[in-house]
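**Student:** Got a structure for you, questions after.
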Amino acid sequence: MKVLVIGGGAREHALCRSLSQDPVVTELHCAPGNAGIAQVATVHPVDQLDGGQVTELARRLAADLVVIGPEAPLVAGVAEPLRAAGFAVFGPSPEAARLEGSKAFAKEVMAGANVPTARSYVCTTPEEAAEALDAFGAPYVVKDDGLAAGKGVVVTSDREAALAHAAACGRVVIEEYLDGPEVSLFAITDGTTVLPLVPAQDFKRALDGDEGPNTGGMGAYSPLPWAPEGLVDEVLRTVLQPTVDELRRRGTPFSGLLYAGLALTSRGTRVIEFNARFGDPETQVVLARLRTPLAGVLLAAAEGTLDTLEPLRWEEGAAVTVVIASEGYPAAPRTGDPIEGLAEAESADGSVHVLHAGTRVGEDGQVLSAGGRVLSVTATGADLAEARTRAYRAVERITLKGSHHRTDIALEAARQ
């Protein structure tokens, strides 16, 4: 099988790493890729938001499967010209991808599917925003209606800050605050059959102890020793399957990766948000635990044959990812600095691997930082404590001027 992955972050590096280990994958390509992806796949320059360019590349490579990683090309409709040209595509149509592209649309779908979520208002004026904030009270939750690269949500007890965020976004969803721990659950679907993966938890705040601003994610771990028994079956029954059924009923079937961000509240499980693609950095830990070869699963989703697959197989142990971010992230990331120690950080037995998020190769061949989140250091182990130890030992071997990372990823869970 010849596979083309679209994207250039740590999520796509994780996908490419798993696909490169699949014996049925004879050729692996990625566009535009990054410095790390280039070690496991042939990279190609492409405008990933241009469906015509992506389709032409797929045609030139004679790809058997095209996997679209990021949300922006999905919402932009890149999947459609590919499908029209006869390619098997893993990723939803732009109509179905509105589940992530518009928070208001997602609320509409959840209402139609009777999916439990936070009460909310859609606001377009300062007056509407002020009224909604007062209706719910602090802490205030204000979400940009559109795509915001994981940084469009403000949770604050400062009413003025909440109003300022609403004004900066224009159209927002303001909702009640959901208490309780958060869980990320991915599901692969062909529009009818829904195949949930293992749960993970990510860390959105920039600093230890969940302090600092929201980010795209500073680390993740799996499994969740504190999660209630039967959680995955419950979410499949009450959230994932009803949502997929509702989208199919509306004439916009969802095929690809459906991500549910969940809050385990005192009143039961509630959906915080949906995404239309693999989440970053949760993908790094989920795929590190997956034993079933990945390419066949993604192809079955693209071709509508998920119901014919054997149950997915998983490693019994644990995985932890720690994100190394550049100086100034998330406000004003510094880029262009050399990164050292990458080879030393990886382990010969494969228990530690470094996934590139924002990197490029300089003129002298040196790997340089090229984004806010630069690397995802991912480790596996017999349990979370061992995986944590291996991940942080590897982080210490990497040098990037001014970089920062959280030191508490999976710390509490490892103690359970």
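The values are calculated or read from the model by the stated rules, or taken from the named source; none is laboratory data. All values derive from a computational prediction rather than experimental measurement. Every residue, glycine as well, gets a Cβ built from its backbone with ideal geometry; the counts of neighbours run over all protein chains shown. Calculation scope for accessible area: heavy atoms of the full protein, side chains included, ligands and nucleic acids excluded. Shrake-Rupley method; radii C 1.70, N 1.55, O 1.52, S 1.80 Å.
**Student:** Being assigned to a loop (DSSP other than H, G, I, E, B), farther than 19 Å from ASP280 by Cβ and either modelled with pLDDT under 95 or in contact with a Gly (Cβ under 8 Å, 6 or more places away or on another chain) (or both) is true for just one of ARG406, ARG390, ARG397. Which residue is that?
**Tutor:** ARG397
**Student:** Considering only residues that are of a type in the set (Val, Ile, Thr) and either within 19 Å of PRO45 (Cβ to Cβ) or touching a residue at least 40 places away in the same chain (Cβ under 8 Å) (or both), look in the stretch 10-34 and name the one that is most open to solvent (accessible area, probe 1.4 Å).
**Tutor:** Step by step, filter the stretch 10-34, then rank; the result is VAL24.
**Student:** For the stretch 363-376, how many residues are assigned to a strand (DSSP E or B) and under 23 Å from VAL320 (Cα atoms)?
**Tutor:** Within the stretch 363-376, residues that are assigned to a strand (DSSP E or B) and under 23 Å from VAL320 (Cα atoms) number 5.
**Student:** A follow-up question, please. Give all pairs with beta carbons closer than 9 Å in which a residue from the stretch 175-189 that is touching a residue at least 12 places away in the same chain (Cβ under 8 Å) and under 11 Å from PRO139 (Cβ atoms) meets a residue that is aromatic (Phe, Trp, Tyr) and crowded, with 23+ Cβ neighbours inside 10 Å; count only pairs at least 6 apart in sequence or on separate chains.
**Tutor:** TYR177/TYR140
**Student:** Looking at the stretch 85-104, can you tell me whether even one residue there is assigned to a strand (DSSP E or B) and buried (at least 19 other Cβ atoms within 10 Å of the Cβ)?
**Tutor:** yes
**Student:** Look through ALA288, ALA295 and report the one residue that is out of contact with any Ser or Thr (no Cβ under 7 Å at 6 or more places or on another chain) and either under 23 Å from GLY212 (Cα atoms) or in contact (Cβ under 8 Å) with a residue 12 or more places away in the chain (or both).
**Tutor:** Testing whether each residue is out of contact with any Ser or Thr (no Cβ under 7 Å at 6 or more places or on another chain) and either under 23 Å from GLY212 (Cα atoms) or in contact (Cβ under 8 Å) with a residue 12 or more places away in the chain (or both) leaves just ALA295.
**Student:** Something else: Look through LEU163, LEU185 and report the one residue that is of a type outside the set (Asp, Glu) and within 17 Å of GLU234 (Cβ to Cβ).
**Tutor:** LEU185
**Student:** It is to be established whether one or more residues within the stretch 117-138 are within 17 Å of GLU246 (Cα to Cα) and in contact (Cβ under 8 Å) with a residue 40 or more places away in the chain.
**Tutor:** Yes: the stretch 117-138 contains one or more residues that are within 17 Å of GLU246 (Cα to Cα) and in contact (Cβ under 8 Å) with a residue 40 or more places away in the chain.
**Student:** Restricting to the stretch 105-123, count the residues that are exposed (fewer than 14 other Cβ atoms within 10 Å of the Cβ) and either aromatic (Phe, Trp, Tyr) or not in a helix (DSSP H, G or I) (or both).
**Tutor:** Adding up the residues that qualify gives 2.
**Student:** Right, here's the next one. Given the residues ALA382, ALA410, ALA387, ALA345, which is the only one that is open to solvent by less than 10 Å² (accessible area, probe 1.4 Å) and more than 21 Å from the chain's Cα centre (by Cα)?
**Tutor:** ALA345
**Student:** Can you pull out every residue in the stretch 359-416 that is hydroxyl-bearing (Ser, Thr, Tyr) and more than 24 Å from PRO330 (Cα to Cα)?
**Tutor:** If the condition is that a residue be hydroxyl-bearing (Ser, Thr, Tyr) and more than 24 Å from PRO330 (Cα to Cα), then THR380, THR389 are the ones that fit.
**Student:** Go through the stretch 288-318 and count every residue that is more than 27 Å from GLU386 (Cβ to Cβ) and either of a type outside the set (Gly, Ala, Ser) or touching a strand residue (DSSP E or B) at 6+ places or on another chain (Cβ under 9 Å) (or both).
**Tutor:** Total satisfying the criteria: 14.
**Student:** Regarding the stretch 46-58, can at least one residue be identified that is open to solvent by 20 Å² or more (accessible area, probe 1.4 Å) and polar (S, T, N, Q)?
**Tutor:** The answer is yes, given that some residue of the stretch 46-58 is open to solvent by 20 Å² or more (accessible area, probe 1.4 Å) and polar (S, T, N, Q).
**Student:** Among the numbered criteria (1) modelled with pLDDT under 95; (2) within 18 Å of the chain's Cα centre (by Cα); (3) surrounded by 18 or more Cβ atoms within 10 Å (Cβ to Cβ), which single criterion is violated by LEU74?
**Tutor:** Of (1) modelled with pLDDT under 95; (2) within 18 Å of the chain's Cα centre (by Cα); (3) surrounded by 18 or more Cβ atoms within 10 Å (Cβ to Cβ), only one is false for LEU74: (1).
**Student:** Can we say ALA149 is among the hydrophobic types (A, V, I, L, M, F, W, C), at pLDDT below 90 and not in a strand (DSSP E or B)?
**Tutor:** Answer is yes for this residue.
**Student:** Can you confirm whether the stretch 155-173 contains a residue that is closer than 27 Å to HIS404 by Cα, touching a residue at least 60 places away in the same chain (Cβ under 8 Å) and not in a strand (DSSP E or B)?
**Tutor:** no
**Student:** I would also like to ask the following. Just one of the numbered conditions (1) open to solvent by 20 Å² or more (accessible area, probe 1.4 Å); (2) over 23 Å from the mean Cα position of the chain (by Cα) is not true of LEU133; which one?
**Tutor:** (1)
**Student:** Something else now. Do any strands (runs of 3 or more DSSP E) entirely within the stretch 184-259 hold 1 or more residues that are under 30 Å from THR407 (Cβ atoms), touching a helix residue (DSSP H, G or I) at 6+ places or on another chain (Cβ under 7 Å) and open to solvent by less than 10 Å² (accessible area, probe 1.4 Å), and if so, which?
**Tutor:** 219-222
**Student:** GLU327: open to solvent by 10 Å² or more (accessible area, probe 1.4 Å), within 21 Å of HIS404 (Cα to Cα) and out of contact with any Leu (no Cβ under 6 Å at 6 or more places or on another chain), yes or no?
**Tutor:** yes
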